[in-house]
Each structure stands twice: as structure tokens, then as C-alpha cells.
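The values are calculated or read from the model by the stated rules, or taken from the named source; none is laboratory data. Quantities reported herein were computed from a predicted structural model and do not represent experimental measurements. Reconstructed Cβ throughout: ideal geometry from the backbone, glycine too, with neighbour counts over all protein chains shown.
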Amino acid sequence: MAKEHYIIPFFIPHTGCPHHCVFCSQNKITGKERPVLPEHILTTVREYIATFPRDAKRVEVAFFGGSFTGIPLPLQNAFLGQAYAAKRKGLIDGIRLSTRPDYINNSILDNLKGYGVDTVELGVQSMNNRVLDLSQRGHTAEDVAYASRLIRGYGFNLGLQMMVGLPGSDREAEIETAERVCALGPDFVRIYPALIIRGTALEEMYRAGTYRPLPLGEAVDVCVTLAEMFARERIKVIRMGLQPTDMINEEGEVVAGPFHPSFRQLVDSRLLLKVVSKVIDQRGLNSVGELVIEANPRTLPTLQGIGKESIKSLREAYPRLAVKVTGNRGLGQTVLRIISGDGLSEVDYRRVLEKGI
Ligand code: SF4
């Protein structure tokens, strides 16, 4: 199935940001040293569109960088004006941006409405005030709740971003954050495991021995739990893990932490493994001899797991079962066809996750 949703990203760093979030080295995370200027927007939009399929269902301009509504208003408006012009010309369908919870108020949202913005994403990071404090975020969980309600009240789509593994956090605090995020009713979330990027305060804390990053396995574990919680609330997780940019892939930029170029696949594979195990247990298939699981070819690598890890786990958990997985182009991307000696059944794994494992 072709991709339907296309993003044209513009990274707008918050030059002169007065905050000191311990994990932030903004230029490195965005992978951009060269500043984007408002006059670049329309040309860049046209260049991107030329590479998209004609039948793309939705094309959006996205202003990333974390603090869009904190940059000077004339500059915000210069960017927004260009994006809005692209929207009115029918070149794009939507405008989205990300910002901090304490850079949201009525006049800011009035301004965004005036420029046809559709989606506002907030960097929440944690809903635990101690974690926010230790991470030097400079805002509280109450600011997040207030900003989220205001954004919702204005009719924008709401996205919330959380981080796992921040200083002072633990599994309980991550779960508390996810519960409170769910209660705010976002349209989607992003989950980022905290990484130690060169030149950040987190690097100093790590070198001084006052901060321990999450090991990769623990980061995957907690993200599996959070993904299950969001699935039960039918909240889409549109990203897990930092997108590898050229900068971040440069040797030595990630000093430590749970970085994996296919972090999401690690989490999704674990989720699928849980779904398959549940089906085997519930249907008493653990001694049927041979079990064939068919999946859409796009889903197959996730079903198998990186290095066929999931297949090995299934064989260990069910030693009397010969598990085989194979591709079937006729299946939807969320459907698994399970064939045993007893017969054949289809399972929509998204529905299984929505009901809870
Ligand atoms: S992450 Fe924090 S320090 Fe970095 S730009 Fe955003 S608000 Fe400023």
C-alpha cells in the first residue's frame, strides 16, 4: 500500500532559547546548522511536491524544532504566511508545528488560527514535576494540561511528545505520564527515549556519574508497555525513537543511551510477538504440530523481528510447535492469517492491542 501522508519538514531552531533542557543540543537533533528562511518555504514545498505521488492523500508543512511559538512573532508570521499561502494555493493540505506548553496562550492560538494551522504538538516530556524539574524543562505538568485543553478548545489537532529515561524518572513515572497524556485526549503521541547527545548537560551528568541512561532493552520494554496503553485508548503513536538524521548518525554524536536505528521496529516486533503468543495460548494451538503465520510482506520483517528474534522466541516458548512465517500480499497490513492443522483464522492485531493483551 502506498504511503498516503507526506510531511514537508522545516526545522526552525529556537535561537536564543532561554531554557536549559538537559537533553537538548538542538542543532544536532534537528540535523540542521543552515537556517531556514521564510523565503525558502514556497520553493522547498514545490520541490518536495514534485517527488510525491499525484494521489498523495494529505501533504503537510511541518515546523519542527520544539519551540515554534517562542520565536519572535514577526518571524513566526513570516514562516506561517508562506505556509498559509501554499495551503491557499492548494499545494498543501495542512500546517503543523511543535512547541512548548508554556508558549501557548489565547493570543498565540488566535494567531495560529489566523494562519490556517491545523495541528499543534507539545513537548510534554514528563507529567511528573520532579522529573521535569531535574530535566530543567522550566514548565510544569499543570502547564501541559492547561495548554492541551486550550489547544483542544480552539479545535486544533493535538499531538503530545513524551520522553522516557529522563533524570529522576522510572517505569512508574513513565506510566503515570502516559496515563495523564491519555487523559488529555491527544490525537497522536510521539515517544522518544532520552539519548545523551554530545555537548548536552545530560552528557556532563553522565560523565559525573549522576545520570544513568536507560539500557536499550529497558527502553524497549517500557515503550512496549506505553504503546499498549496508547493502543487501548486508540491513540496513534506516530513515532518511537529519534529519527536518525545525518548529524545524529555521525560517529560520536550519541555518547550513550538507547539509540537504535530501528527502535520502532524493536517495539512493534515485541507487540506482535505478544499478540501471536496470546492467540496461540487462547486457542490452545501450542501443540498442533505445525503453525503457519501469514502476514503482508510489509509486516513480515516486524513479525519475524530483527535477526528473526521473534521466531526464535516463539520456538523457545512453544517447543512442540513448528512455527513458520510467510508473506501474503492479499492481507491487510494489520492482519495475520494463522493456519494450523485445525484450520485457518485471521486476526487483526491492532484490534487485539485495542482490547488489551
Ligand atoms: S528542548 Fe529546551 S533548551 Fe532545547 S530548544 Fe527546546 S526549550 Fe530550548
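Return a yes/no flag: does segment 47-65 have any residue that is under 30 Å from ASP170 (Cα atoms) and not in a strand (DSSP E or B). Reasoning before the result, please.
Filtering segment 47-65 down to residues under 30 Å from ASP170 (Cα atoms) leaves 64-65.
Restricting the remaining residues to those that are not in a strand (DSSP E or B) gives 65.
The answer is yes, given that some residue of segment 47-65 is under 30 Å from ASP170 (Cα atoms) and not in a strand (DSSP E or B).
Filtering segment 73-86 to residues that are over 13 Å from LEU42 (Cα atoms) and either under 22 Å from the mean Cα position of the chain (by Cα) or more than 16 Å from the ligand (Cβ to nearest atom) (or both) leaves LEU73, PRO74, ASN77.
Being modelled with pLDDT of 95 or more, more than 22 Å from the chain's Cα centre (by Cα), among the charged types (D, E, K, R) and surrounded by fewer than 18 Cβ atoms within 10 Å (Cβ to Cβ) is a property that ARG329 has.
Scanning segment 52-63 for residues that are over 19 Å from GLU39 (Cβ atoms) and either within 16 Å of the ligand (Cβ to nearest atom) or of a type outside the set (Asp, Glu) (or both) gives PHE52, PRO53, ARG54, ALA56, LYS57, ARG58, VAL59.
When GLY185, GLY209, GLY199 are screened for being without any contact (Cβ under 8 Å) to a residue 24 or more places away in the chain and in the same structural domain as VAL124 (by TED's automatic domain parsing), only GLY209 passes. Taking residues in segment 51-71 that are over 14 Å from ILE7 (Cβ atoms), and partners anywhere that are of a type in the set (D, E, K, R) and near the ligand (Cβ under 10 Å from one of its atoms), the pairs with Cβ atoms closer than 8 Å and at least 6 places apart or on different chains are GLY66/ARG100; SER67/ARG100; THR69/ARG100; GLY70/ARG100.
Yes or no, residue by residue, for (1) crowded, with 23+ Cβ neighbours inside 10 Å; (2) basic (Lys, Arg); (3) without any contact (Cβ under 8 Å) to a residue 60 or more places away in the chain; (4) within 16 Å of the ligand (Cβ to nearest atom):
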position	(1), (2), (3), (4)
ARG88	no, yes, yes, no
ARG96	no, yes, no, no
SER107	no, no, yes, no
GLY114	no, no, yes, no
THR119	no, no, no, no
LEU122	yes, no, yes, yes
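Look through segment 124-147, keep the residues that are touching a helix residue (DSSP H, G or I) at 6+ places or on another chain (Cβ under 6 Å) and in contact (Cβ under 8 Å) with a residue 40 or more places away in the chain, and return whichever of them is farthest from GLU174 (Cα to Cα). Restricting to residues being touching a helix residue (DSSP H, G or I) at 6+ places or on another chain (Cβ under 6 Å) and in contact (Cβ under 8 Å) with a residue 40 or more places away in the chain, the top hit is ALA147.
Of the residues making up segment 138-170, those that are within 16 Å of the ligand (Cβ to nearest atom) and touching a Gly at 6+ places or on another chain (Cβ under 8 Å) number 2. Within the set of pairs 6 or more residues apart or between chains, which connect a residue that is assigned to a strand (DSSP E or B) inside segment 6-17 to a residue that is near the ligand (Cβ under 9 Å from one of its atoms) with Cβ atoms less than 7 Å apart? If the second residue must be near the ligand (Cβ under 9 Å from one of its atoms), the pairs left are PHE11/GLY65.
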